[in-house]
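Report on the following structure.
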Amino acid sequence: MSTVSAYAANSAAEPLTKTTITRRAVGPHDVAFDIHFAGICHSDIHTVKAEWGTPNYPVVAGHEIAGVVTEVGSEVTKYKVGDHVGVGCFVDSCRECDNCKAGLQQYCTGGGMIGTYNSVGRDGTPTYGGYSGAIVVDEQYVLRIPDGMPLDAAAPLLCAGITTYSPLRHWNAGPGKKVAVIGLGGLGHVAVKLANAMGADVTVLSQSLKKMEDGLRLGASAYHATSDPDTFRQLAGSFDLILNTVSANLDLGAYLNLLKVDGTLVELGAPENPLVVPFFPLGAMRRNLSGSMIGGIPETQEMLDFCAEHGVLPEIEVIAPEYINEAYERVLASDVRYRFVIDTASLRD
């Protein structure tokens, strides 16, 4: 076992503070690596603030993790010391259910995936995430960061990247397809870049036009304000696929009406209240409403390789660990373009 510095939340009402946590000893199949960068995901804030139920405090959040291997177990075959690697939203699963065997570990039915933080590992100890200096993970749940990809920009791809890549790939976004992205935030801006790189025609749907210049620069061919009722009349029946990247409860009927026959609206955010789905916008054109959660290990590696090949990287603001609490407030105020990434150097000292 080893100890490492980290930033933890001890309650929903208190700021995150610096502390020390324990990491397990490196087992035969484990990879230990120094964390160099960790992205701040809105899910971190939901969890820390007990908005998705009371977590197991103390919580060391962070599931967008990139770093450099420092030690490998005696039976590890995929990685060696010095490799650039990452870890996303989970660090284990049952490995035996049909979904795990198919590489869909995020949909594990044998007890569910083991989250990178606020979960319990196979050894019965709490899992702690990337707001820390180092981590130990089974090699099957470690991702290889492609050569030449900067570690700071790679980190958000482990959640924001795969969360948007997976539905784009599953619903065949590509040439000849019209894709709309609701929201241009941490997830939305990556979705625009990915859909554009896949060859789709991309439209951003945002409350206002204040980020229009960014949206067009990132790869959108059109940008519309959803606060304008004309948007919904003008774009009715336009899209094959819509990705909703925001967590607010929207008027789903209005957005479903933007889909073509057999089009699909995919929920990626987790709204506070249950979804209200009116029948006629859904049934009239045989439209689909679906959800999607991150991606399995094979697809996440595919995403990283795709991003490296096509030069898709998130727009980031790198911060020191001491700035985490201020960063949380700025995320809640939508004052970041577009992802905070923690430089964990001071936590590795």
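Apply 1/(1 + (r/R0)^6) to the Cβ-Cβ distance of Val68 and Arg286, taking R0 = 56 Å, and write down the FRET efficiency to the nearest 0.05. Numbers along the way, then the final one.
Details: r = 50 Å, r/R0 = 0.89.
So the FRET efficiency works out to roughly 0.65.
I'd like to compare 269-276, 87-94, 222-229: which one has the highest average count of other Cβ atoms within 10 Å, and what's the full order after that?
Values: 269-276: 11.5, 87-94: 23.6, 222-229: 15.4.
With the highest mean Cβ count within 10 Å placed first, the list reads 87-94, 222-229, 269-276.
Considering the options Ala32, Val48, Thr245, tell which one lies farthest towards the positive end of the dipole of the chain, charges being +1 on Lys and Arg and -1 on Asp and Glu at the Cβ, about the Cα centre.
With unit charges placed on the Cβ atoms, the residue in question is Thr245.
Among Glu302, Glu329, Glu317, determine the one that fluctuates most according to a GNM of the chain built with springs between C-alpha atoms less than 10 Å apart.
Glu329
Is it possible to state the helix-based mean residue ellipticity at 222 nm for the chain, with each DSSP H run of 4+ residues giving -39500 (n - 2.57), the sum divided by total residues, to the nearest 500 deg cm²/dmol? What is it? Don't skip to the end; give the middle numbers.
On the way: 12 runs with 86 residues, N = 349.
Calculated from helices alone, the mean residue ellipticity at 222 nm is -6000 deg cm²/dmol.
Per the Cauchy relation, a quarter of the hull surface: what is the mean projected area of the convex hull of the alpha carbons in the chain, in nm²? Could you put the intermediate results ahead of the total?
Working: hull surface 67.4 nm².
So the Cα hull casts an average projection of 16.8 nm².
How large, in percent, is the carbon and sulfur part of the accessible surface of the range 27-113 at a probe radius of 1.4 Å? Please report the intermediate quantities before stating the final value.
Details: 1790 of 3590 Å².
Carbon and sulfur atoms account for 50 percent of the accessible area of the range 27-113.
Using only the Cα atoms of the range 122-253, what do you get for the radius of gyration and for Dmax, in Å?
That works out to 17.5, 56 Å for Rg and Dmax.
Taking only Cα atoms of the range 1-136, what ratio of Rg to Rh do you get with Rh as the Kirkwood inverse-distance radius? Let's see the in-between values first.
Details: Rg = 14.9 Å, Rh = 15.4 Å.
Answer for the range 1-136: 0.96.
Distance between the C-alpha centers of the range 153-194 and the range 99-127? Whole Å please.
Measuring centre to centre over Cα atoms gives 24 Å.
What percent do you get for the relative contact order of the range 303-349 when only Cα pairs under 8 Å and 6+ apart count? Let's see the in-between values first.
Values: 37 pairs, mean separation 21.1, N = 47.
The normalised contact order for the range 303-349 reaches 45 percent.
Per the Kirkwood treatment, what hydrodynamic radius in Å, one decimal, follows for the range 234-349 from the mean inverse distance over all distinct Cα pairs?
Numbers: mean 1/r = 0.0579 Å⁻¹.
Answer for the range 234-349: a Kirkwood hydrodynamic radius of 17.3 Å.
Express the accessible area of the range 45-124 per residue in Å², computed with a 1.4 Å probe while the remaining protein chains stay in the model. Mind showing how you got there, number by number?
Numbers: 3700 Å² over 80 residues.
For the range 45-124, the solvent-accessible area averages 46 Å² per residue.
In percent, how large is the relative contact order of the chain, given Cα pairs closer than 8 Å and 6 or more residues apart? Working shown, then result.
Details: 824 pairs, mean separation 62.9, N = 349.
The normalised contact order for the chain reaches 18 percent.
So, in Å, what gap is there between the alpha-carbon centers of the range 212-248 and the range 20-55?
34
With an 8 Å Cα cut-off and a minimum separation of 6 or more residues, compute the relative contact order for the range 82-131 in percent. It would help to have the intermediate numbers written out before the result.
Values: 69 pairs, mean separation 14.3, N = 50.
Computed over the range 82-131, the figure is 29 percent.
Tell me which trypsin sites (Lys or Arg not before Pro) from the range 237-329 have a DSSP coil assignment and no more than 14 other beta carbons within 10 Å of their own. Could the numbers behind the result be given before it?
Numbers: sites: Lys260, Arg286, Arg287; in loops: Arg286, Arg287.
Sparse-neighbourhood loop trypsin sites (Lys or Arg not before Pro): Arg286.
If I take all pairs of Cα atoms in the range 103-144, what percentage of them are more than 11 Å from each other?
Numbers: 621 of 861 pairs.
That tail contains 72 percent of the Cα-Cα pairs.
Tell me, what is the Rg over Rh of the range 194-263, with Rh the Kirkwood radius over Cα pairs? Before the final figure, lay out the partial values.
Numbers: Rg = 11.9 Å, Rh = 12.7 Å.
Checking Rg against Rh, the ratio lands at 0.94.
The values are calculated or read from the model by the stated rules, or taken from the named source; none is laboratory data. It should be emphasised that the depicted structure is a prediction, and the values quoted were computed from it without experimental measurement. Using ideal geometry, Cβ is built from the backbone for each residue, glycine included, and neighbour counts are taken over all protein chains shown. Ligands, DNA and RNA are excluded from the accessible area calculation, which covers all protein heavy atoms including side chains. Shrake-Rupley method; radii C 1.70, N 1.55, O 1.52, S 1.80 Å.
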